Each structure stands twice: as C-alpha cells, then as structure tokens.
Amino acid sequence: MDGEAPRGATPRGASLTVGPVSPARRVARWLATRPRTRLALLLSGPLGWLALVYLGSLFVLLLNAFWAKDAFTGKVTPFAWDLAAFGELLGNPVYRTIALRTIGIAAAVTVTDALLALPIAYYMARVASPRRRRALVIAVLMPLWAAYLVKAYAWRTILQGNGFLSWALSPLGIEGPGLDELQNAWIVLSYLWLPYMILPIYAGLERIPGSLLEASSDLGAGAATTFRRVIFPLLVPSLVAGSIFTFSLSLGDYIVPDLVADAKFIGNVIYDNSSLGNFPLAAGYSILPIAVMVCYLLVARRTGAFESL
Amino acid sequence: MVESPLARALLRIASALVLSFLYLPLAILAVYAFNESRIMAWPPTGFTLHWFADAAANPAIRSALLNSLVTAGAATAIALVLGTLAALAIQRNRFFGRESISFLFILPIALPGVVTGIALQSTFKLLGADLGLLTVIVGQATFCIVVAYNNVVARLRRLPRSPEEASADLGADSWTTFRRITLPAMRTALLSGALLAFALAFDEVIVTLFTAGAGTQTIPVWIYTAMQRPNELPVVNVVALVLVLFSIAPVYLAQRIGGGETATGR
C-alpha cells in the first residue's frame, strides 16, 4: 500500500547514520511517512506534461473544429463558433468513403501482419537455438531503425513501372502493379509495421512455459489442437498489443498512400486541409481517428494488452 | 510439445521468407546508393561512390543531422525523467485513477501522428510560440514518455521488493534506497528505454514536420523535402544507408543489455 515506505524503519527523526544529513535525505525522511504527498510529487511532472501539452493540444484541436471559416477569404476566426465543417464532413459522401477505405486497409494490414508474424515469432521462440534467436531478434529490430520515409520510398521504386518488381515479373509475362493501386498501400503498410507485430508475439510465446505444451500433448492433443486451445488463448494479449501499433500507425498514415497508391486516406484529408488553411475541417475529421483509436484501446485494455506492449 | 521435423522445416522456410520480405527493400536501397544513374530504375546501370562524396559535402545534411541529434537527445532526456517518475508512481502504488493514467501515457503513440502534429501545431500557434527546435523537442518528448515508462514499469514489475525492504530495515531512508538499490537495478531498463526513445524521436517525421516550422530541418524532414526533388534521390539513399549501418551498434547494444524487457518498447 505504502509504496516503498520502509517497513520497520527507525522512527522519524532518529538517524542511525552519523554526520550531517543532506537536504535530499531530509526531504526523503519527511516524505517517508507521507506516501500520498510523495505519490503526488512523483506524478505531478509526467501528468502535468501530458495533461497540459497533450490533452491541452487535443482540446485546442477540438475547439478548432468549431471555429468559423470565412467562405470568401478562407480566413479562420478563432473563438467564433460555427458547425460548417461538420456539415461538410457529414454531407459529402467522399469523407465516408475515405474513412471506410482507411479503416479497411488498417484492418487488412493488421491481419496480414499477424499471419506473417506468427510463424517467424514461433520459430524464434521455440525452434531456433539461443544463438540464432538473438541474431533473429536483432534482424527483426534492425529495419525499425531504418528511416521510415526511405523504406516507403524504396517500395515506390520497387513497385513503379520500370522498378524491381516489373523486372522480376517480366520473365513470367506479368506487368508490375504501377503506382496507383490501393493494394500497394496494403503491402507497404504491412511491410512497415511488421516488426511491431513480430516482437510482442515473440515475447508472448517465450513466456509460455514448455510444460504447458507438453501437458497438452500428453493429454492427447495434436499440434493444431495445442495451438488452438493452449497457445492462441495465451497469445491474445500479445496479438492485441501488436495490433495497436499496426492498426493505429496504418490508420494515421498519409505519406505511404500518397507515395505508392495515389489514394486518399484519413490522414491525407487532415494533412491537405490543414496545409490549405482549412483547419476546422481538418480538426473535425481528426475526431474520427481519435474516436476509433480510443474505442480500440478501451477494448484492447480489457485483454491485458497494455502489459504486453 | 516437440514440433515434428516437417513443422520445423516449414517454420524455418516461413521465417526465411518473412526475413527476406523485411530486407528486400533495404537491399535495393543499398544497391541504389551505389547506382550511377539518378533515375532509380531496375536493373542499375553502373557503380559509383559519387553520391557518398555529395552527401558528405552537403551542409544541409550536416545541420539536419545536428538538429536531429539535439532534438532527439533532449526529448529522450525529458521522456526518461518523466517516464521513470510515472513508472515509480504507478507500479508502486494503488490509487484511484491509476488505470486511466496508464491509458493517458499510451495515447500519444496510439493516436495517429498527423493528429498529434496538427493538435500541437495549432496550440503553439494559438499561444504565439515560434516553431523551432524547442517545439520539436516538446512534440517528440510527448510521445517518447511511454517508451521510457514501459521499460521501467516492466523492470519494476520483475524486481523483488526484498532488497529495498532490507535497505530500509538497515536504516536507509527512501532517497538512499532509491539511489543505491532501485536506480542501479533499473539502469539497463533505463538505457534500453533511452535507446528506443532516441530512435523513435530521431525517425519521427510527421509530428516533426508539423512542429518544426519552416526554418528547422531534422534528418527525416530533410529526407522529406529532398524526396520531392528527384535530383537529390541518390544522396537520400546514401544518407539512409549510412543511418542504417550506424544503427547496428545501438540495436546490438540494446539486445546485449537485455532489451527484451518490453516487446517493442513503443
């Protein structure tokens, strides 16, 4: 209950140490009997930062959505209230199409990454020798450190008309996909966020005691049954933890759809409108991914995924 | 359960395929860094080291690199302090609202970068703050806090309380206990948290684009602008390749010191 309050410590004021007492120690001693004050002091920095900088900014963004924009000059007047942005967002079906497209791709990326991550994570955790396992963890981590933009651009050169893919496919008589296919965004986003799925699943698999799997097979379960009835249920928090990244990072991306798919995602609408000065519309549309992610996180938290991040 | 030889073989093949998927774009990028032509068509036309000389001589790259090191370093320092304080408070205490607080820490990385970016930008504008290195640091620190927090929380969860209790029983006050017992036990978690936070801040392009203003360039912002000028693309490849090679050391280090603490650290 009392955090690290010393149990059975010397009474306050009575020191066992000889010599001068430093101010830090005096404060520590004073705080030792006041766990609530100490908790408040510990939390004030990080909470103050996040509440002021982050929640404060999100609140300003929310206000932005209700600010009036002059129809002729396009100038936004702060603190002049208007619902025009919401009228446009709800009235024009293109915004619904874009929202569904983005959420659909984000979901597809998440499923793809889970399917790609499971075999390699399983291999790393349960088949590979310890030496190879360490090498593989490094190999999976490395691409995360390579600049995101450059990886996205590398995919553009692979997919484009005279790129690597067309060259590799040409003996088969197949043409490359070019740069205006929606599935390009699905491939590239799956590529970019794959390590974020592999690592939590690997960590989750490593935590499963081998004895559980032996017990399952002693009781007559085959590999498929053991996976379905023992491994998978234990892996759910790790899968959900990984999916938070793959889903949210795909949901907000606007550079990849622009580079490889020539398609508009939620992020493109927000980015384009904010750079054109139409802040109310950008801010109003931002509420959608915020709401989607908050719901996602609330469900994710129930599975215990936050402990597997 | 002992996997059958067939299952092991299939797993090995699947892993090899996934790994080649992960490394194919990086390999192609490396090849283009040595490609003679400015046009990134396949197959490459000839070999040159010309772009490396260009990159080394480019003053914009040097100042962007310096800006990146400064902002990512400062953001990491802020995030480390705030994340550790939060981890100590939340791991070691049960109190009302504890769950919502851990939710709040995760929010900045779970919400899309474009939302965080535009929210911070409109707030800075409203407050009349000049966009520059300082605003970049604030933005980067905000989403790095959770990295430090996750690493320290994971370590504290595994740490037995008995050494701290023994320290208290031996007469040490809580400051001495923290300094002599808790902090040394957290050291590697802090280091791997710092490495991950630094990498995250160093590579962040979206939030940085929104908070940097016109005059300030970090490496990702420089890459973003250079990518719109096809002439500079070979130099971008060189910069990217060099950064990947330089990241081998920190990744290896993070692994060696037991970076497996949290799954992704993010």
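Looking at region A:116-126, which of the residues that are within 10 Å of another protein chain (Cβ to nearest Cβ) and hydrophobic (A, V, I, L, M, F, W, C) is surrounded by the fewest Cβ atoms within 10 Å (Cβ to Cβ)? This residue is A:LEU116. Being without any contact (Cβ under 8 Å) to a residue 12 or more places away in the chain, facing chain A (nearest Cβ under 9 Å) and not in a helix (DSSP H, G or I) is a description that does not apply to B:PHE103. Whether any residue in region A:41-63 is assigned to a strand (DSSP E or B) and under 22 Å from B:LEU120 (Cβ atoms) is what I want to check. Scanning region A:41-63, I find no residue that is assigned to a strand (DSSP E or B) and under 22 Å from B:LEU120 (Cβ atoms), so the answer is no. When region A:213-233 is examined, which residues are found to be in contact with a Leu (Cβ under 8 Å, 6 or more places away or on another chain) and hydrophobic (A, V, I, L, M, F, W, C)? Correct list: A:VAL230, A:ILE231.
Checking each residue in region B:44-53 for being aromatic (Phe, Trp, Tyr) and part of a helix (DSSP H, G or I) picks out B:TRP51, B:PHE52.
For region A:192-206, the condition of being modelled with pLDDT of 85 or more, more than 10 Å from chain B (Cβ to nearest Cβ) and surrounded by fewer than 21 Cβ atoms within 10 Å (Cβ to Cβ) holds for at least one residue.
Evaluation of A:LEU297 against the conditions (1) assigned to a helix (DSSP H, G or I); (2) of a type outside the set (S, T, N, Q); (3) more than 9 Å from chain B (Cβ to nearest Cβ) shows that the sole unmet condition is (3). Determine whether region A:81-94 contains at least one residue that is within 16 Å of B:SER15 (Cα to Cα), outside any helix (DSSP H, G or I) and modelled with pLDDT of 80 or more. For region A:81-94, residues within 16 Å of B:SER15 (Cα to Cα), outside any helix (DSSP H, G or I) and modelled with pLDDT of 80 or more: absent. Scanning for something in a loop (DSSP other than H, G, I, E, B) and in contact with a Pro (Cβ under 9 Å, 6 or more places away or on another chain), does region A:210-233 turn up at least one residue? No: zero hits. For region A:88-99, does any single residue satisfy the condition of being in contact (Cβ under 8 Å) with a residue 12 or more places away in the chain, within 10 Å of chain B (Cβ to nearest Cβ) and either within 28 Å of the chain's Cα centre (by Cα) or surrounded by fewer than 19 Cβ atoms within 10 Å (Cβ to Cβ) (or both)? Within region A:88-99, none of the residues are in contact (Cβ under 8 Å) with a residue 12 or more places away in the chain, within 10 Å of chain B (Cβ to nearest Cβ) and either within 28 Å of the chain's Cα centre (by Cα) or surrounded by fewer than 19 Cβ atoms within 10 Å (Cβ to Cβ) (or both). Taking region B:3-43 as the range and being at the interface with chain A (Cβ under 10 Å from one of its Cβ atoms) and assigned to a loop (DSSP other than H, G, I, E, B) as the test, the residues that pass are B:GLU3, B:SER4, B:ILE39, B:MET40, B:ALA41, B:TRP42, B:PRO43.
For region A:100-114, filtered to residues that are within 18 Å of the chain's Cα centre (by Cα), surrounded by fewer than 23 Cβ atoms within 10 Å (Cβ to Cβ) and not β-branched (Val, Ile, Thr), the residue that is farthest from B:VAL251 (Cα to Cα) is A:GLY104.
Looking across region A:128-146 at every residue that is more than 7 Å from chain B (Cβ to nearest Cβ), part of a helix (DSSP H, G or I) and more than 24 Å from the chain's Cα centre (by Cα), the one that is surrounded by the most Cβ atoms within 10 Å (Cβ to Cβ) is identified as A:ARG133.
The values are calculated or read from the model by the stated rules, or taken from the named source; none is laboratory data. None of these values were measured; they are calculated from a predicted model. Neighbour counts run over all protein chains shown; Cβ positions are idealised from the backbone, glycine included.
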